[in-house]
Amino acid sequence: METQFISISTICVNYHIESSFLMDLSNIGLIQIEIIEQEQYIHHDQIADLEKMIRLHDELDLNLEGIDVVFNLLAKQRELQKELTTLRNRLRLYE
Amino acid sequence: MAFIDYYEVLGIPKTADEKEIKVAYRKMARKYHPDLNPDNKEAEKKFKEVNEANEVLSNPENRKKYDKYGKDWKHGEEFEKAQQQRRQQQSQYSQHGSGAEGFGGQDYSDFFESMFGGASGHSRQSHRPKFKGQDYNAELHLELKDVYTTQKQVLTVNDKKIRITIPAGVENGQLIKIKGNGGPGMNGGPNGDLYIKFIINNHTEFKREGNNLYKDQPVDLYTAILGGDIHVDTFDGKVKLKVKAGTGNGTKVKLKGKGFPVYKKDGEFGDLILTYQIQIPENLSEKEIELFKELQKIKEG
């Protein structure tokens, strides 16, 4: 468990953020907070996304709704990119 | 080393005040931020320029120096050195942090380095949070026949040798992540990851779609009419096929399990789909023409 989950307090210290920011991200559904033995944790798989959220918030002054919109659009962009690659591969059948 | 017009980079006039610089910078940063432009080298480059322009123009001291010597930076540098010496002699020299709002941990142009000495004056660096290093992107070009079987390769990325296993059946355009092999973390953060995109070139007679392979298979006219055996090249060898009598041009035949290996599923394969192309005989002899005419007569009754 130690390697898979990182406690909220550790994250706050390392990234210089308030725990309320993480709560807000959790409330809007951008991250998932797990409670294990009365302590709150985040799965390490979410760290890369969390870092992105912190950067967008700190560096571009985006609020939570803005971050949510960005993440949705990036997910859509990834999906479209994947579809484009599949279609390009299919097109090669006819070249 | 080329002069960089930081005003042009931010799209503002030379008379712009602090507020205008900040607004222009924020707008540009939102447009070119790497998190909003994944895998976009052009945006990344532009973002660095924008950031650098802000480092200079948002700091009154740097801006003054830039405005004064910008185009003639070499001369300005010499002048600054002389001034610095004078200040040191008077024991009044003190270095100020830039205090500029900006994004840390990045490269600066040679122009910037020579004028402002890199990011050394960046006062925010020391207490910035730890961040994961930059993710690297690389392309690996392989032949279709190479990815028919699982293989190991050694890649050299930024002078570092990385051993990777490429599972059979990898798709053209597929991305795999190699954890921790990206850029070093910022302020003690973990390393970034390496993303490898596979470009699969196909110089075979087979077309591939997902796990299935497609191929046009020539069949001579007589075998198509009378039926018979043909030998077909599949990706892993020859197979013998029975062609039914009266097979038409464009008939499709599916050979189960003779396609491409399924990615990360050992022993599973897609199908090979053959499209029969009936070959019309050419350069007929007189005898053959005679016999065909005979056949035609019989047909017309």
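For the stretch B:168-229, applying the loop criterion from DSSP together with a ceiling of 16 other beta carbons within 10 Å to the GluC sites (Glu not before Pro) yields B:GLU205. Per residue in the stretch B:24-51, which ones lose no less than 40 Å² of accessible surface when going from chain alone to all protein chains (1.4 Å probe)? Flagged in the stretch B:24-51: B:ARG26, B:ARG30, B:HIS33, B:ASP35, B:LEU36. When A and B come together, around 2100 square angstrom of accessible surface is lost from both chains combined, probe 1.4 Å.
Rounded to the nearest angstrom and listed largest first, the equivalent-ellipsoid semi-axes of the stretch B:136-201 from its Cα gyration tensor are 25, 11, 9. Remark: spin-label model distance B:LYS160-A:ASP58 equals 2.2 nm, labels positioned 7 Å along the Cα→Cβ axis. Between the alpha-carbon centres of the stretch B:229-287 and the stretch B:166-223 there is a gap of 25 Å. On the stretch A:5-94, 50 percent of the accessible area sits on carbon and sulfur atoms, based on a 1.4 Å probe.
Residues of the stretch A:47-95 that bury at least 50 Å² of accessible area when the other protein chains are present, relative to the chain alone (probe 1.4 Å, heavy atoms, ligands and nucleic acids excluded): A:GLU51, A:ARG55, A:GLU59, A:LEU60, A:ASN89, A:ARG92, A:LEU93.
Probing with 1.4 Å while keeping every protein chain in the model, the per residue accessible area of chain A equals 65 Å².
Residues of the stretch B:148-196 whose accessible area (probe 1.4 Å, heavy atoms of protein chains only) drops by at least 50 Å² once all protein chains are present, relative to their chain alone: B:ASN172. Suppose R0 equals 22 Å; then what is the FRET efficiency for B:HIS231 and B:ILE278 from their Cβ-Cβ distance, rounded to the nearest 0.05? Given R0 = 22 Å and the Cβ-Cβ separation, E is 0.85. Probing with 1.4 Å while keeping every protein chain in the model, the per residue accessible area of the stretch B:136-201 equals 53 Å². Just how far, in whole angstrom, is the stretch A:1-55 from the stretch B:6-40 if you go by their alpha carbon centroids? Each part reduced to its Cα centre gives a spacing of 31 Å. Based on the Stokes-Einstein relation at 4 °C and a viscosity of 1.567 mPa s, and on the Kirkwood radius from alpha carbon pairs, the stretch B:207-300 is assigned a translational diffusion coefficient of 85 µm²/s. Protection proxy ranking, highest mean first, for peptides B:158-164, B:220-226, A:54-60: A:54-60, B:220-226, B:158-164, where packing is the per-residue count of other beta-carbon atoms within 10 Å, averaged. Remark: relative contact order (chain A) = 23 percent; criterion is Cα-Cα distance under 8 angstrom and separation of 6 or more residues.
The values are calculated or read from the model by the stated rules, or taken from the named source; none is laboratory data. Everything numeric in this text was worked out from a predicted model, so none of it was measured. When we count neighbours, we look across all protein chains shown, and the Cβ atoms used for this are built from the backbone with ideal geometry, even at glycine. Side chains are part of the model used for accessible areas, which takes the heavy atoms of the whole protein and leaves out ligands, DNA and RNA. Shrake-Rupley method; radii C 1.70, N 1.55, O 1.52, S 1.80 Å.
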